[in-house]
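The values are calculated or read from the model by the stated rules, or taken from the named source; none is laboratory data. In this text the structure is predicted, and so the values were computed from the model without any measurement. Using ideal geometry, Cβ is built from the backbone for each residue, glycine included, and neighbour counts are taken over all protein chains shown.
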Amino acid sequence: MIVKPDAENLAAAAKAAGKRGLPPVHLWNPEFCGDLDMRIARDGTWFYLGTPIGRKEMVRLFSTILRRDGDDYFLVTPVEKVGITVEDAPFVAVDFEPSGDGRDQVLTFETNVGDAVVAGPDNPIRVVRDHETGEPSPYVLVRRNLEALIDRKSFYRLVEIGAHEQHAGESWFGLWSQGQFFPVIPSADLP
(Lines give C-alpha, C1' and ligand atoms only; values in the text may rest on other atoms or scores of the structure.)
Protein backbone atom coordinates (compact mmCIF):
# COMPACT_ATOMS: atom_id res chain seq x y z
CA MET A 1 0.00 0.00 0.00
CA ILE A 2 1.39 3.40 -0.99
CA VAL A 3 0.65 6.22 1.42
CA LYS A 4 0.11 9.67 -0.04
CA PRO A 5 3.31 11.63 0.59
CA ASP A 6 3.23 14.55 2.99
CA ALA A 7 5.88 16.69 4.61
CA GLU A 8 5.34 15.36 8.16
CA ASN A 9 5.86 11.70 7.18
CA LEU A 10 8.96 12.61 5.17
CA ALA A 11 10.40 14.68 8.03
CA ALA A 12 9.92 11.82 10.50
CA ALA A 13 11.55 9.32 8.13
CA ALA A 14 14.44 11.71 7.42
CA LYS A 15 15.04 12.28 11.11
CA ALA A 16 15.12 8.54 11.79
CA ALA A 17 17.39 7.84 8.80
CA GLY A 18 19.85 10.65 9.40
CA LYS A 19 20.76 10.19 13.05
CA ARG A 20 24.48 9.91 12.15
CA GLY A 21 25.36 12.44 9.46
CA LEU A 22 23.85 12.45 5.99
CA PRO A 23 21.64 9.49 5.14
CA PRO A 24 22.76 7.33 2.17
CA VAL A 25 19.95 8.49 -0.17
CA HIS A 26 22.00 7.37 -3.18
CA LEU A 27 21.60 3.76 -1.99
CA TRP A 28 17.84 3.89 -1.47
CA ASN A 29 15.49 2.90 -4.29
CA PRO A 30 11.91 3.02 -3.00
CA GLU A 31 8.93 3.26 -5.32
CA PHE A 32 8.01 6.69 -6.65
CA CYS A 33 5.04 7.94 -4.61
CA GLY A 34 4.16 11.03 -6.66
CA ASP A 35 4.96 14.69 -6.55
CA LEU A 36 4.82 16.80 -3.42
CA ASP A 37 3.81 20.45 -3.57
CA MET A 38 7.26 21.51 -2.42
CA ARG A 39 9.48 23.99 -4.23
CA ILE A 40 12.95 25.43 -3.72
CA ALA A 41 13.14 28.97 -5.11
CA ARG A 42 16.26 30.36 -6.77
CA ASP A 43 17.08 32.32 -3.60
CA GLY A 44 17.12 29.07 -1.57
CA THR A 45 13.72 29.52 0.10
CA TRP A 46 11.85 26.23 0.55
CA PHE A 47 8.06 26.30 0.08
CA TYR A 48 5.44 23.72 1.05
CA LEU A 49 1.91 24.13 -0.32
CA GLY A 50 2.90 27.63 -1.50
CA THR A 51 4.02 28.80 1.94
CA PRO A 52 7.67 29.36 2.91
CA ILE A 53 8.99 26.82 5.40
CA GLY A 54 10.08 29.08 8.25
CA ARG A 55 11.78 26.52 10.48
CA LYS A 56 15.45 26.25 9.51
CA GLU A 57 15.70 22.87 11.25
CA MET A 58 12.95 21.49 9.00
CA VAL A 59 14.63 22.84 5.85
CA ARG A 60 17.95 21.36 6.98
CA LEU A 61 16.27 18.02 7.60
CA PHE A 62 14.67 17.96 4.15
CA SER A 63 17.98 18.99 2.56
CA THR A 64 19.61 15.83 3.92
CA ILE A 65 17.22 13.54 2.01
CA LEU A 66 17.36 15.46 -1.26
CA ARG A 67 18.54 13.59 -4.35
CA ARG A 68 18.86 14.51 -8.00
CA ASP A 69 18.25 11.89 -10.68
CA GLY A 70 18.91 13.34 -14.13
CA ASP A 71 17.17 16.72 -14.19
CA ASP A 72 14.63 15.78 -11.51
CA TYR A 73 14.80 16.30 -7.77
CA PHE A 74 13.36 14.00 -5.12
CA LEU A 75 13.07 13.68 -1.37
CA VAL A 76 14.02 10.09 -0.65
CA THR A 77 13.67 7.88 2.42
CA PRO A 78 14.08 4.09 2.58
CA VAL A 79 10.34 3.72 1.85
CA GLU A 80 9.30 6.84 -0.11
CA LYS A 81 10.47 8.84 -3.11
CA VAL A 82 8.58 12.04 -3.91
CA GLY A 83 9.26 14.63 -6.58
CA ILE A 84 9.79 18.30 -5.76
CA THR A 85 10.44 21.39 -7.87
CA VAL A 86 13.81 23.16 -7.84
CA GLU A 87 13.92 26.47 -9.73
CA ASP A 88 17.71 26.61 -10.15
CA ALA A 89 20.03 24.91 -7.65
CA PRO A 90 18.75 23.34 -4.43
CA PHE A 91 21.22 25.24 -2.25
CA VAL A 92 22.75 28.72 -2.08
CA ALA A 93 26.35 29.33 -1.06
CA VAL A 94 25.83 32.30 1.24
CA ASP A 95 29.45 32.83 2.29
CA PHE A 96 32.96 31.48 1.88
CA GLU A 97 36.27 31.60 3.66
CA PRO A 98 39.55 31.67 1.73
CA SER A 99 42.80 30.40 3.17
CA GLY A 100 46.22 30.43 1.55
CA ASP A 101 47.17 32.23 -1.65
CA GLY A 102 47.46 31.50 -5.37
CA ARG A 103 47.66 27.81 -6.24
CA ASP A 104 47.69 26.95 -2.53
CA GLN A 105 44.40 28.73 -1.91
CA VAL A 106 41.50 26.78 -0.40
CA LEU A 107 37.92 28.06 -0.66
CA THR A 108 35.43 26.75 1.92
CA PHE A 109 31.80 27.59 1.20
CA GLU A 110 28.86 27.66 3.61
CA THR A 111 25.37 26.95 2.28
CA ASN A 112 22.00 28.27 3.38
CA VAL A 113 21.24 24.87 4.96
CA GLY A 114 24.45 24.67 6.99
CA ASP A 115 26.65 22.54 4.75
CA ALA A 116 30.35 23.37 4.56
CA VAL A 117 32.06 22.40 1.30
CA VAL A 118 35.65 22.84 0.19
CA ALA A 119 35.93 23.59 -3.52
CA GLY A 120 38.37 21.31 -5.29
CA PRO A 121 38.57 18.31 -7.61
CA ASP A 122 35.65 16.57 -5.85
CA ASN A 123 33.59 19.75 -5.45
CA PRO A 124 34.19 21.87 -8.55
CA ILE A 125 33.12 25.43 -9.19
CA ARG A 126 31.44 26.11 -12.52
CA VAL A 127 30.11 29.29 -14.08
CA VAL A 128 27.27 29.44 -16.59
CA ARG A 129 26.84 32.64 -18.57
CA ASP A 130 23.42 33.74 -19.75
CA HIS A 131 23.38 33.61 -23.57
CA GLU A 132 21.53 36.92 -23.90
CA THR A 133 22.99 39.08 -21.13
CA GLY A 134 26.34 37.39 -20.47
CA GLU A 135 25.48 37.52 -16.74
CA PRO A 136 27.35 34.79 -14.84
CA SER A 137 25.70 32.21 -12.57
CA PRO A 138 28.39 30.52 -10.45
CA TYR A 139 27.86 27.15 -8.74
CA VAL A 140 29.79 24.85 -6.44
CA LEU A 141 29.07 21.13 -6.14
CA VAL A 142 27.95 20.34 -2.60
CA ARG A 143 27.36 16.60 -2.84
CA ARG A 144 26.27 13.95 -5.39
CA ASN A 145 24.74 16.03 -8.24
CA LEU A 146 23.54 18.75 -5.85
CA GLU A 147 24.92 22.22 -6.39
CA ALA A 148 24.75 25.54 -4.59
CA LEU A 149 24.29 28.77 -6.50
CA ILE A 150 27.00 31.11 -5.20
CA ASP A 151 25.25 34.30 -4.05
CA ARG A 152 26.13 37.64 -5.60
CA LYS A 153 28.05 39.10 -2.64
CA SER A 154 30.22 35.98 -2.40
CA PHE A 155 30.83 35.96 -6.14
CA TYR A 156 32.00 39.58 -6.03
CA ARG A 157 34.40 38.65 -3.22
CA LEU A 158 35.63 35.67 -5.27
CA VAL A 159 36.32 37.93 -8.25
CA GLU A 160 38.57 40.05 -6.01
CA ILE A 161 40.83 37.04 -5.33
CA GLY A 162 40.74 35.55 -8.84
CA ALA A 163 43.75 35.13 -11.13
CA HIS A 164 44.58 34.88 -14.82
CA GLU A 165 45.90 31.47 -15.91
CA GLN A 166 46.38 29.47 -19.08
CA HIS A 167 43.54 26.98 -19.49
CA ALA A 168 42.72 24.91 -22.59
CA GLY A 169 45.19 26.91 -24.67
CA GLU A 170 43.96 30.39 -23.78
CA SER A 171 44.11 32.86 -20.91
CA TRP A 172 41.26 32.63 -18.42
CA PHE A 173 40.29 34.54 -15.31
CA GLY A 174 39.35 32.09 -12.58
CA LEU A 175 39.81 30.74 -9.09
CA TRP A 176 42.19 28.36 -7.37
CA SER A 177 41.14 25.95 -4.64
CA GLN A 178 42.87 22.77 -3.47
CA GLY A 179 45.36 22.97 -6.35
CA GLN A 180 42.58 23.06 -8.98
CA PHE A 181 41.98 26.03 -11.30
CA PHE A 182 38.33 26.81 -12.03
CA PRO A 183 37.89 29.03 -15.12
CA VAL A 184 35.28 31.78 -14.79
CA ILE A 185 35.59 33.86 -17.96
CA PRO A 186 38.09 34.13 -20.81
CA SER A 187 40.52 36.95 -20.04
CA ALA A 188 39.78 38.47 -23.47
CA ASP A 189 36.10 38.90 -22.46
CA LEU A 190 36.94 41.09 -19.48
CA PRO A 191 36.56 44.87 -19.91
Matching residues, the stretch 34-79, being in contact with a Ser or Thr (Cβ under 6 Å, 6 or more places away or on another chain) and either at pLDDT below 95 or among the charged types (D, E, K, R) (or both): Arg39
Residues located in the stretch 26-76, provided they are hydrophobic (A, V, I, L, M, F, W, C), under 16 Å from the mean Cα position of the chain (by Cα) and not in a strand (DSSP E or B): Ala41, Val59, Leu61, Phe62, Ile65
Extreme residue, nearest to the chain's Cα centre (by Cα), among residues of the stretch 138-156 that are more than 17 Å from Arg67 (Cα to Cα) and loosely packed, with under 14 Cβ neighbours inside 10 Å: Arg152
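Mind listing whichever residues of the stretch 168-191 are in contact with a Gly (Cβ under 7 Å, 6 or more places away or on another chain) and either within 22 Å of Asp130 (Cβ to Cβ) or not polar (S, T, N, Q) (or both)?
Within the stretch 168-191, Phe173, Gly174, Leu175, Trp176, Phe181, Phe182, Pro183, Val184 meet the criteria.
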Scan of the stretch 22-58 for residues that are in contact with a Leu (Cβ under 8 Å, 6 or more places away or on another chain) and either small (Gly, Ala, Ser) or without any contact (Cβ under 8 Å) to a residue 40 or more places away in the chain (or both), ordered by number: Asp37, Gly44
Some residue of the stretch 119-127 being under 25 Å from Trp46 (Cβ atoms) and in contact with a Lys or Arg (Cβ under 9 Å, 6 or more places away or on another chain): yes
